[in-house]
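Asker: Sharing a structure below in structure tokens format, with a few things to ask.
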Amino acid sequence: MNTWVAFLRGINVGGRNALRMKELATALADADCGDVMTYLQTGNVVFRSSESSAAALEARIERVVKAIRDIEVRVLALSSEELRKAIAANPFPQAESAPKTLHLFFLSKPPVDPDAESLDALKADDESFVLTDGVFYIHAPNGMSWSKLAARVEKLLGVDATARNWRTVSKVMEMVEEIGEP
């Protein structure tokens, strides 16, 4: 059994795509996921599965959500090791003490032709970002809601992404460690 993280995108936002995490956890357990844990109402799930393919897990979870709530969501699955590496690679350790200013955009795949010029042009003077193959890190000291860059990341990278702030990423990692590796 492997420990996995699933980030569901676009649920319980602005009264749309309502999905209770308890309902999701039960449905995932019925779909052969073990030790299911959730965090917040925004679709952060840690679980065990014998599945070795992130793509297969993403498709399975998307089908589960469609079956229980008749909503279509995008799911991004990461191995526990991928999450651990993303945390360890944080290029902005000084921002960890203000976790709402640091966001990790987990990418569905490495960007092929990101619009680097536009990324730089949209970046506010106090913002910083780093792009890796799997994660776009952004430190926005004045908040993400004010960031023009954050609002356009997906379009400029040309790949699907889902963002989580440092507090959420850290809590999800705690859950991974609680479940542990078999």
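Asker: Looking at (1) open to solvent by less than 10 Å² (accessible area, probe 1.4 Å); (2) at pLDDT below 95; (3) out of contact with any Lys or Arg (no Cβ under 6 Å at 6 or more places or on another chain), which is the one condition that is false for Asn12?
Answerer: For Asn12, the exception is condition (1).
Asker: Report every pair of residues separated by at least 6 positions or lying on different chains whose Cβ atoms are under 6 Å apart, first residue within segment 77-105 and farther than 22 Å from Ser52 by Cα, second open to solvent by 50 Å² or more (accessible area, probe 1.4 Å) and in a helix (DSSP H, G or I).
Answerer: Pairs that qualify, where the first residue is farther than 22 Å from Ser52 by Cα and the partner is open to solvent by 50 Å² or more (accessible area, probe 1.4 Å) and in a helix (DSSP H, G or I), are Pro99/Arg167.
Asker: Now, a different point. So, Ser128, is that one touching a residue at least 60 places away in the same chain (Cβ under 8 Å) and not acidic (Asp, Glu) or not?
Answerer: Details: touching a residue at least 60 places away in the same chain (Cβ under 8 Å): no; not acidic (Asp, Glu): yes.
So Ser128 does not fit the description; no.
Asker: Would it be correct to say that Ala95 is small (Gly, Ala, Ser) and either more than 25 Å from Thr38 (Cβ to Cβ) or under 14 Å from the mean Cα position of the chain (by Cα) (or both)?
Answerer: On the way: small (Gly, Ala, Ser): yes; either more than 25 Å from Thr38 (Cβ to Cβ) or under 14 Å from the mean Cα position of the chain (by Cα) (or both): yes.
It is true that Ala95 is small (Gly, Ala, Ser) and either more than 25 Å from Thr38 (Cβ to Cβ) or under 14 Å from the mean Cα position of the chain (by Cα) (or both).
Asker: From the list Asn142, Asn165, pick out the single residue that is modelled with pLDDT under 95 and within 27 Å of Asp115 (Cβ to Cβ). Explain how you work it out, then say what you get.
Answerer: Working: Asn165 fails: modelled with pLDDT under 95.
Residue meeting the stated conditions: Asn142.
Asker: Going through Thr101, Thr42 one at a time, which residue ends up being touching a helix residue (DSSP H, G or I) at 6+ places or on another chain (Cβ under 7 Å) and surrounded by 18 or more Cβ atoms within 10 Å (Cβ to Cβ)?
Answerer: Details: Thr42 fails: touching a helix residue (DSSP H, G or I) at 6+ places or on another chain (Cβ under 7 Å).
Result of the check over Thr101, Thr42: Thr101.
Asker: Okay, moving on. Among the listed residues Arg84, Arg63, Arg74, which satisfies the condition of being among the basic types (Lys, Arg) and in contact with a Lys or Arg (Cβ under 8 Å, 6 or more places away or on another chain)?
Answerer: Values: Arg84 fails: in contact with a Lys or Arg (Cβ under 8 Å, 6 or more places away or on another chain); Arg63 fails: in contact with a Lys or Arg (Cβ under 8 Å, 6 or more places away or on another chain).
The match here is Arg74.
The values are calculated or read from the model by the stated rules, or taken from the named source; none is laboratory data. In this text the structure is predicted, and so the values were computed from the model without any measurement. Every residue, glycine as well, gets a Cβ built from its backbone with ideal geometry; the counts of neighbours run over all protein chains shown. The accessibility values were calculated without ligands, DNA or RNA, using every heavy atom of the protein model including side chains. Shrake-Rupley method; radii C 1.70, N 1.55, O 1.52, S 1.80 Å.
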